[in-house]
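Everything on this sheet refers to the single structure shown next.
The values are calculated or read from the model by the stated rules, or taken from the named source; none is laboratory data. Fair warning: this is a prediction, and the values are worked out from it, not measured in the lab. Here the Cβ positions follow ideal geometry from the backbone for every residue, glycine too, while neighbour counts run over all protein chains shown.
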Amino acid sequence: MASGIKDKVVIAGMGCSKFGERWALGPDDLMVEAFGEALEDAGIERDRIDAAWLGVFFDEQSTGKSSLPLSMALRLPNVPTTRVENLCATGTEALRGAVYAVAAGACDIALAMGVEKLKDTGFGGLPERTKGTFEDLYLPSSTAPGAFAQLASAYARGYGYSIDELKRAMAHISWKSHENATRNPKAHLRNRITIQQALDAPMISHPLGVYDCCGVSDGAACAIVTTPEIARGLGKRDPVSIKALQLAPSNGVEMGHESWDGTHTLTTPLAARRAYAEAGIGDPRAELDLIEVHDCFSITELVLMEDLGLSDEGRAPHDILDGRYDRDGAIPCQIDGGLKCFGHPIGASGLRMAYEVYLQLLGRAGPRQLRGRGGLGPALGLTHNLGGIPNRNVASVAVFGLLAGRV
Amino acid sequence: MSDLGSILACGVHVPRLRLPRALIAAETGWLNPPARNAPAGERAIANWDEDALTMAVAAARNCLAGRTAAPAGIAFCSTTAPFADRDDAVLVAAALDLPDTIATQNLCATLRAGTRAVLGARADGAGGSTLVVASDLRPTRVGSPQEPAYGDAAAALLIGPAEAGELARLLGAVSRNADFVDHYRMSGIRFDYALEERWVRDEFLMKAVQQAIGEVLAGAGVNAADVRHLAIPAAPGLARRIAQGSGLAAARCDERLWQHCGDAGAAMPLLEIVAALGRSEPGDLIVAVGLGQGVDALLLRAEAGAGRAAQALEAALARGREETSYVRYLAHRGLIDADFGMRAERDQRTAHTVAYRKRAAVTAFTGGRCERCGAVQFPLSRVCVNPACRAADTQRPHRLADSSGRVKTFTEDWQAFAPRPPYVYGNIEFAEGGNLLMEVTDVEPGELAVGDAVRFEFRIKDEDRARAFRRYFWKAIKS
């Protein structure tokens, strides 16, 4: 019986570039920016890295293929590098590779780098891409907002909300993330918005208005991971530890079988259940101090509160409007602004989420530092990605806590 | 006289969108002053995802609905077939999931193609029936007399040996060729060039056509005064004049098609036949005329099933929705260079190797049904999608085209490239189970709701402008 990943690997250092429309920078610049911070944080030399994982999604529009863009940008010492890609779970997938390698004893120190340079297409939104030679022949040429807007139509019908009622909760989600991002100098979008602005925004894909959609950003984030022993040797007295790292991909049911009703993601509850078990979390509502979820669109965040077991089925709109996931709520969500405002450079996003949880656990989050339950600081944080679209996706759930932690 | 056959079934497709002639007049009156006398009615215009081929498939499906035996032949008649070299009839037959042994014909380059095919059906079809489907989508120059007069539509007739419940019997026919150029369009040219209507009327319609009508009646020993209907591709006033001139004193002519559709080119003679049958009592005699470098004059007798024609026509005409934007119509016809944004630049290359090996799925909309658990799924796959089954190699082909569905989720997407924004798509659950994320067409913003029932139509999926190729797939339509 596998014992899981809990507390076998810790984070020695992390880095994250500023996210945004980094017109003057390429993916190599972004990786160097994030890597420099992580190296300094870890307190190691570059050549101590034994292996590295690169996560990038739109390779055609940015880095090109393979792991070489990472090895070459950072001038790594010819150590093994691997490129991974798993839709919007790509960054977390890079982390999983690095963490598993350390846990396996295959290397002492590993790097996980996620990067995306999206703003080289010449137009707003995500780059256009093929869905594959067969699927291009029959699937709609959907966009990301269009694919996620499907959740809203089904959720509203399924739980008896009007679209206007749902929009109100969605607007609160976006308003909250904008508020949080004002405290984050690295965030892409740092402006405040009003609920009314969100409600009145131009329609992107019904019922998602422009403020229901996350930023399309350039950015990179990375983690240097190692064993608890080596971390202690580096002077990390109570490092941030990986408590769980789980992945649940679709197997086609949502796309092809009538059993999926379209109101939720099928995969997130699976990944969450496994992650809670791996981390030893019995009651996530009582134990999680903060969460970073895949809020690519406001409606996604809304249904994820239920998919992660944090709101009762059909009740997320009420919990959201009650402020439960606000900065001062019971379970602060997207304390760094989330995909919505920190931005969403796809390959980097999972690691960006981990970066925020890491900072919060170490008490290094500056003006947005949370006090945690009981005022002792956050002890346990969750990150979640949903790669793909509700019809088929890769859900990842990771849990981080202090190694000596209060759990 | 040899057996000319019977009309066993009919089908009509008139696109949902209708452009009011008054709107055309308002927009082009500056250019062509006579058009200011806003003509009444509307013309049918194909949606951006319809062409002569998709309209033909729609009409043919209506025609074949409820029939169990496949026709032995299919004739596709059009002057605007999308492919000059790719057998359009084979593609239509494939979309209809007809056997690959069916005899295919493409009749083009004349508006008389439909009646030619009807007359050839019994000779070619031998023992079985022949599906004659005629369809046209003729672009018209802005401000031209053709712009309000033409319409886009398709009609299908199943011709075969007499059977109970048939719509009509062909009693006689006369064909005369004449290289009379009332209009023409050279290969590779978009628009018709039409000559003076008075000349066409006086020198051709009132002479050659009247003569052919006289001959077909004489051949059948029928008194002109006993003919109850004249089905002719001509505007109502002109049609009545031809009827009078031909001695068809009691013959009624159609007005509904001209009011709501317009002259549908190669499809028009067949549409006129359907319209005439639709207003016929069993036993009524009908003279039907096809025109185009000559005349086909057909004599038909309405039979017991003629009433089905009225249903076919009314169902097609009734589903109209007004196109309120003349500019949008121009953009869809490629008559103005509208900016659809950078997302429209996406490469729409078709991997033809894939399109061929997946042709049952893409062209015929055939998915799979698991023989072990019964789960229907699209596309057919090696391993069953039912999470409780997941058996391997248990699926048999299961055609979904004639099924129905229900909207489970949807959106109106203003960001995606769409020739007619918003781009509407959603999860469609099939009546027999199974789910597919599908485009929804012929729908306006605010019209669709979760739970709506849908049916499916064969439509243009993408245009590959870089390689001048058009690909097709099935879309959901609110039923």
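Quick notes on this structure:
- The condition of being closer than 28 Å to A:G262 by Cβ and in contact (Cβ under 8 Å) with a residue 12 or more places away in the chain holds for only one of A:A171, A:A187, A:A181, that being A:A171.
- The residue list A:P77, A:P140, A:P127, A:P185 contains one member that is modelled with pLDDT under 95, farther than 15 Å from A:I299 by Cα and not charged (D, E, K, R), which is A:P127.
- Scanning the range A:64-80 for residues that are in a loop (DSSP other than H, G, I, E, B) and not hydroxyl-bearing (S, T, Y) turns up A:G64, A:K65, A:L74, A:R75, A:L76, A:P77, A:N78, A:V79, A:P80.
- Residue check, A:E254 away from chain B (no Cβ under 14 Å), of a type outside the set (S, T, N, Q) and not in a loop (DSSP other than H, G, I, E, B): no
- Meets criteria (modelled with pLDDT of 95 or more and within 20 Å of A:K236 (Cα to Cα)) for A:A89: no
- Taken together, the criteria place A:E356 among residues that are modelled with pLDDT of 95 or more, within 23 Å of A:D283 (Cα to Cα) and assigned to a helix (DSSP H, G or I).
- Unique match (being within 26 Å of B:K408 (Cα to Cα) and surrounded by fewer than 21 Cβ atoms within 10 Å (Cβ to Cβ)) among A:Y138, A:Y155, A:Y159, A:Y100: A:Y159
- Answer from A:G372, A:G337 - the residue that is surrounded by fewer than 24 Cβ atoms within 10 Å (Cβ to Cβ) and at positive phi: A:G372
- Unmet requirement for B:V424, which otherwise passes all of (1) within 11 Å of chain A (Cβ to nearest Cβ); (2) among the hydrophobic types (A, V, I, L, M, F, W, C); (3) surrounded by fewer than 21 Cβ atoms within 10 Å (Cβ to Cβ); (4) assigned to a strand (DSSP E or B): (3)
- Residue within the range B:260-276 that is β-branched (V, I, T), touching a residue at least 40 places away in the same chain (Cβ under 8 Å) and either over 20 Å from B:R122 (Cβ atoms) or in a helix (DSSP H, G or I) (or both) present: yes
- Residues located in the range A:22-33, provided they are in contact with a Leu (Cβ under 9 Å, 6 or more places away or on another chain) and assigned to a loop (DSSP other than H, G, I, E, B): A:R22
- Counting the residues of the range B:218-244 that are in contact (Cβ under 8 Å) with a residue 60 or more places away in the chain and either more than 30 Å from the chain's Cα centre (by Cα) or surrounded by fewer than 17 Cβ atoms within 10 Å (Cβ to Cβ) (or both) gives 3.
- Scanning the range A:118-137 for residues that are touching a residue at least 40 places away in the same chain (Cβ under 8 Å) and more than 7 Å from chain B (Cβ to nearest Cβ) returns A:L118, A:K119, A:D120, A:T121, A:G124, A:L126, A:P127, A:R129.
- Scanning the range B:328-346 for residues that are more than 20 Å from B:D413 (Cα to Cα), surrounded by fewer than 14 Cβ atoms within 10 Å (Cβ to Cβ) and touching a residue at least 12 places away in the same chain (Cβ under 8 Å) yields a single hit, B:G334.
- From the options A:D238, A:D336, A:D295, residue that is under 17 Å from the mean Cα position of the chain (by Cα), part of a loop (DSSP other than H, G, I, E, B) and under 30 Å from A:E45 (Cβ atoms): A:D336
- Inter-residue pairs, beta-carbon under 7 Å, first more than 7 Å from chain B (Cβ to nearest Cβ) and in the range A:138-152, second of a type in the set (A, V, I, L, M) and assigned to a loop (DSSP other than H, G, I, E, B), 6+ apart: A:A144/A:L126
- Near pairs, Cβ below 7 angstrom, 6+ apart or cross-chain, from the range A:325-339 (without any contact (Cβ under 8 Å) to a residue 40 or more places away in the chain) to any residue that is part of a loop (DSSP other than H, G, I, E, B): A:G329/A:G323
- Checked against the criterion of being on the phi > 0 side of the Ramachandran plot and either modelled with pLDDT of 95 or more or not assigned by TED's automatic domain parsing to the domain that holds A:T268 (or both), the candidates A:S62, A:S66 yield just one match: A:S66.
- When restricted to residues that are in contact with a helix residue (DSSP H, G or I) (Cβ under 6 Å, 6 or more places away or on another chain) and facing chain A (nearest Cβ under 10 Å), the range B:357-382 contains 4.
- Extreme residue, farthest from the other protein chains (Cβ to nearest Cβ), among residues of the range B:433-454 that are more than 21 Å from A:N391 (Cα to Cα) and touching a strand residue (DSSP E or B) at 6+ places or on another chain (Cβ under 6 Å): B:D442
- Any chance B:T353 is β-branched (V, I, T) and either out of contact with any strand residue (DSSP E or B) (no Cβ under 9 Å at 6 or more places or on another chain) or surrounded by fewer than 14 Cβ atoms within 10 Å (Cβ to Cβ) (or both): yes
- Put simply, of B:A288, B:A312 the only residue that is touching a Cys at 6+ places or on another chain (Cβ under 6 Å) and either away from every other protein chain (no Cβ under 14 Å) or crowded, with 24+ Cβ neighbours inside 10 Å (or both) is B:A312.
- Within the range B:447-479, tally of residues that are outside any strand (DSSP E or B) and either in contact with an Asp or Glu (Cβ under 6 Å, 6 or more places away or on another chain) or without any contact (Cβ under 8 Å) to a residue 24 or more places away in the chain (or both): 1
- Evaluation of A:G388 against (1) surrounded by fewer than 24 Cβ atoms within 10 Å (Cβ to Cβ); (2) more than 27 Å from A:S250 (Cβ to Cβ) (one fails), failing number: (2)
- Only listed residue being more than 14 Å from chain B (Cβ to nearest Cβ), in contact with a strand residue (DSSP E or B) (Cβ under 6 Å, 6 or more places away or on another chain), surrounded by 18 or more Cβ atoms within 10 Å (Cβ to Cβ) and of a type in the set (D, E, K, R), chosen from A:D238, A:D289: A:D289
- Test: residue in the range B:200-209 that is under 28 Å from the mean Cα position of the chain (by Cα), among the acidic types (D, E) and either farther than 20 Å from B:D284 by Cβ or modelled with pLDDT of 95 or more (or both): no
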